[in-house]
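Report on one structure; see the data block that follows.
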Amino acid sequence: MPKVDEFDTFYDSTSRYVTHLTYAECGDRSVTAEAVAEAYEKAWQGWAKLRARDPLSHVRGEASRHARIARGTRPWRRRHEEDSDLALIEALQELPYRSRRLIILQTLGELDLSAAARDVGIADAEAVAETQHAVTDLEQALGQSIGQVESRLLGLSEISEQIMLPSGSRVRYKARGRSRRNTLGAVAAACVGVVAAGLVVAPTAPLSQAEAQERNRVGERPVASARPGDAVTGRSLMNAAEASRIDPSHDWTTVSTSSEEADEDESEAGSTERAADSGAPLTSCAPRRFATDDPTKTFVREFEAYGEPEQAVQVLEVARNVSSAQDAYKRRLQWYADCSVPRVQMSSAATIAGAASPVTILRLRENGSPTRTLTVGFMQAGVVNSVVVHRTDGAAAPSLAAFGATLVESMRLSCAASGGPCTTSTKAALTPLPRTASNPGFLAAVDLPPVGRQSKPWGGTDPAPPSPNPAATMCDKADFLNRAVGKSRARVYVVPNDKAVPRQFGIGQTIATFRSPRQAATFVKRLEKRIAKCEDRNQAATVRAGSNVRGSGYAGKTWRMSFETGPKSFVTYRLALVRRGATVTQVAQSGNKRADLSAGQFNLVADRAGQRLAHWR
């Protein structure tokens, strides 16, 4: 990778982070912008040596130093910060410089105490004492706990996010201008020394055009090639302020950050085994934490809403090549499409409209005690996969727009180094449910609701010709084996080996494709007429019309039927007929006092059956 591209990637992925820290230290937007720009200009001047060390630590310290000098030569312009947290800024300014920097590095900077101590150049023990004094002073000055103070510190990032920063190319241009001025000054001083010594200097020929062009290219020649993903680090993860966009109504804080990197001499099998054993899965549908086989790097950061049962986690996975990253994205998508964990349902699927790379957002519900709502988003760009999971108690969930914007933000700092296209759009849009690996078009386990105290997963029979039709009732007597039907298959869903669910309980589904949409519509109307006249033909039958089902490209109806089988015994069914073009699906559920679906639950099953028809072939 050319040095120019390498520096620009570094600048794009770290400049906003350095801006947040510098603004918290000085509380002045103008000073912050100047200090950050100057720090990166100097970094570019010394990039040949700096790139092999720790450029972020260097830039972070330079920006802080420039801001401190600027604040010493000009007073704090409070009138320019009226929309900021003035009380917090003033309290920070009352702290000694070193103490203020320690606090900011351990909160906004997300460094541990030892790293913060090294950054300011003191021993760990001394850093502990100074940090404790600084925390006490802040708590007393603001009348809040350190947790609340930290939330306010993270809130300063919303202000510093508004600071306009120059582009990487502009920073390099100004750095070259600085170098020319320094060079001219040195040349002038040398000339004065030569004249004073009375020496005669022979003039030399001017540079040729080719030589001049070559000199202008100094510093922009290719250096040792860097692989896509090499520049992705823990700094590429979101901070708490960025993660809070999921739900801005609460204060968010970082709980933990972890990372793993493959050794250069580690075997592929060893790397894959390490990835498989590197922590608990993010959700119950995922068999392991990382979907990438043999990743070069993985980063995980966990967040929580202060005082609320609400958590979020971001994962970055760096694959060895684009093909491996694409496989990881598809593998993760299949995990959720084929999820069969008891009491887990998929509610919806979405994507980012106009995305430059694959993006999926899924909403799931864990029907336990308490009920939890999960929103899972993942996207792939080049060799990088970013995953964001939000979990909260109850049925409430972040808006699709807010979650989509947060997911795109999660890839922003690593996309430039991913080797793939970057998505800038943040508009979320609903999409069809992900296709199941087996029996596409039929209902899946993740579509079916929990039954009573069910603790075992749903299971389904292999699709077979509907002879007899397992979804037919005594009212409709539907027969899908006729000349108008080109293809038909049926399945039965049960919950095996679960004592909480009686063996008689089950759901039958039949799908048939007619030779034309008109024939399919005629067939459905014929069945509707039979159901309407069922009570007249069968004195033991009671039929009640349910809700209409309608979605993108499909429509249908539901009914509830009961049949008297004895003086005090009944058999009940719920029935749905849904048509999508030339394809018809019939769903029937048998129930009793021990196990039954509510009208709302069955309506959702019928609607999901209509959605799944998009995958029927």
Residues located in region 523-550, provided they are touching a helix residue (DSSP H, G or I) at 6+ places or on another chain (Cβ under 8 Å) and crowded, with 16+ Cβ neighbours inside 10 Å: ALA541, VAL543, GLY546, SER547, VAL549
Boolean, ARG491 is buried (at least 19 other Cβ atoms within 10 Å of the Cβ) and under 26 Å from CYS339 (Cα atoms): yes
Residue match in region 384-391 (condition: crowded, with 21+ Cβ neighbours inside 10 Å and assigned to a loop (DSSP other than H, G, I, E, B)): no
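Could you say whether any residue in region 406-414 is under 17 Å from the mean Cα position of the chain (by Cα), closer than 30 Å to ASP12 by Cα and assigned to a loop (DSSP other than H, G, I, E, B)?
First, pick out the residues of region 406-414 that are under 17 Å from the mean Cα position of the chain (by Cα): 406-414.
Subset that is closer than 30 Å to ASP12 by Cα: 406-414.
Checking the rest, the ones that are also assigned to a loop (DSSP other than H, G, I, E, B) come to none.
Scanning region 406-414, I find no residue that is under 17 Å from the mean Cα position of the chain (by Cα), closer than 30 Å to ASP12 by Cα and assigned to a loop (DSSP other than H, G, I, E, B), so the answer is no.
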Filtered residue count, region 29-42, keeping only those that are open to solvent by less than 10 Å² (accessible area, probe 1.4 Å) and either β-branched (Val, Ile, Thr) or modelled with pLDDT under 90 (or both): 3
Selection from region 565-588 of residues that are over 24 Å from ALA521 (Cβ atoms) and either open to solvent by less than 10 Å² (accessible area, probe 1.4 Å) or hydrophobic (A, V, I, L, M, F, W, C) (or both): PHE570, VAL571
Search result, residues across region 84-98 that are open to solvent by 10 Å² or more (accessible area, probe 1.4 Å) and either charged (D, E, K, R) or part of a helix (DSSP H, G or I) (or both): ASP85, LEU86, ALA87, GLU90, ALA91, GLN93, GLU94, TYR97, ARG98
Residues located in region 129-141, provided they are surrounded by fewer than 18 Cβ atoms within 10 Å (Cβ to Cβ) and either free of Cβ contacts under 8 Å to residues at least 24 places away in the same chain or closer than 24 Å to GLU242 by Cβ (or both): ALA129, GLN132, THR136, GLU139, GLN140
Selected residue (criterion: farthest from SER455 (Cα to Cα)) from residues of region 284-319 that are in contact with a Pro (Cβ under 6 Å, 6 or more places away or on another chain) and of a type in the set (Lys, Arg): ARG289
Residue check, GLU126 open to solvent by 70 Å² or more (accessible area, probe 1.4 Å), in a helix (DSSP H, G or I) and under 29 Å from TYR11 (Cα atoms): no
Any hit, region 508-524, residues being under 20 Å from VAL605 (Cα atoms), in contact with a Pro (Cβ under 8 Å, 6 or more places away or on another chain) and small (Gly, Ala, Ser): yes
Every pair of residues 6+ apart whose Cβ atoms lie under 8 Å, when the first sits in region 382-403 and is free of Cβ contacts under 8 Å to residues at least 24 places away in the same chain while the second is in a strand (DSSP E or B) and open to solvent by 10 Å² or more (accessible area, probe 1.4 Å): none
Residue that is touching a strand residue (DSSP E or B) at 6+ places or on another chain (Cβ under 7 Å) and surrounded by fewer than 21 Cβ atoms within 10 Å (Cβ to Cβ), where the choices are PRO502, PRO496: PRO496
Options SER467, SER438: the member that is open to solvent by 60 Å² or more (accessible area, probe 1.4 Å), part of a loop (DSSP other than H, G, I, E, B), under 23 Å from TRP616 (Cβ atoms) and free of Cβ contacts under 8 Å to residues at least 60 places away in the same chain: SER467
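Per-residue answers, yes or no, for (1) free of Cβ contacts under 8 Å to residues at least 60 places away in the same chain; (2) out of contact with any helix residue (DSSP H, G or I) (no Cβ under 8 Å at 6 or more places or on another chain); (3) within 26 Å of MET346 (Cβ to Cβ); (4) surrounded by fewer than 21 Cβ atoms within 10 Å (Cβ to Cβ):
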position	(1), (2), (3), (4)
VAL446	no, no, yes, no
PRO450	no, yes, yes, no
SER455	no, yes, yes, yes
ALA471	no, yes, yes, no
ASP476	no, no, no, no
ARG483	yes, yes, no, yes
Complete set of residues in region 486-511 that are modelled with pLDDT of 95 or more and over 19 Å from THR461 (Cα atoms): none
Answer from VAL376, VAL341 - the residue that is part of a loop (DSSP other than H, G, I, E, B) and touching a Ser or Thr at 6+ places or on another chain (Cβ under 9 Å): VAL341
Of all residues in region 333-379 being under 17 Å from ALA428 (Cβ atoms) and among the polar types (S, T, N, Q), the one that is surrounded by the fewest Cβ atoms within 10 Å (Cβ to Cβ): SER348
Residues being open to solvent by 10 Å² or more (accessible area, probe 1.4 Å) and under 19 Å from ALA381 (Cα atoms) - total across region 290-312: 5
Residue in region 415-428 that is modelled with pLDDT of 90 or more, aliphatic (A, V, I, L, M) and out of contact with any Pro (no Cβ under 7 Å at 6 or more places or on another chain) present: yes
From ALA319, ALA337, ALA291, residue being hydrophobic (A, V, I, L, M, F, W, C) and more than 29 Å from ARG608 (Cα to Cα): ALA319
Considering residues of region 242-292 that are assigned to a helix (DSSP H, G or I), among the charged types (D, E, K, R) and in contact with a helix residue (DSSP H, G or I) (Cβ under 6 Å, 6 or more places away or on another chain) only, the residue modelled with the lowest pLDDT: GLU242
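The values are calculated or read from the model by the stated rules, or taken from the named source; none is laboratory data. Note that the coordinates shown come from a computational prediction; the quantities given were computed from them, not determined experimentally. All Cβ positions, even for glycine, are placed from backbone atoms using ideal geometry, and neighbour counts span all protein chains on display. Note: areas computed on protein heavy atoms with side chains; ligands, DNA, RNA excluded. Shrake-Rupley method; radii C 1.70, N 1.55, O 1.52, S 1.80 Å.
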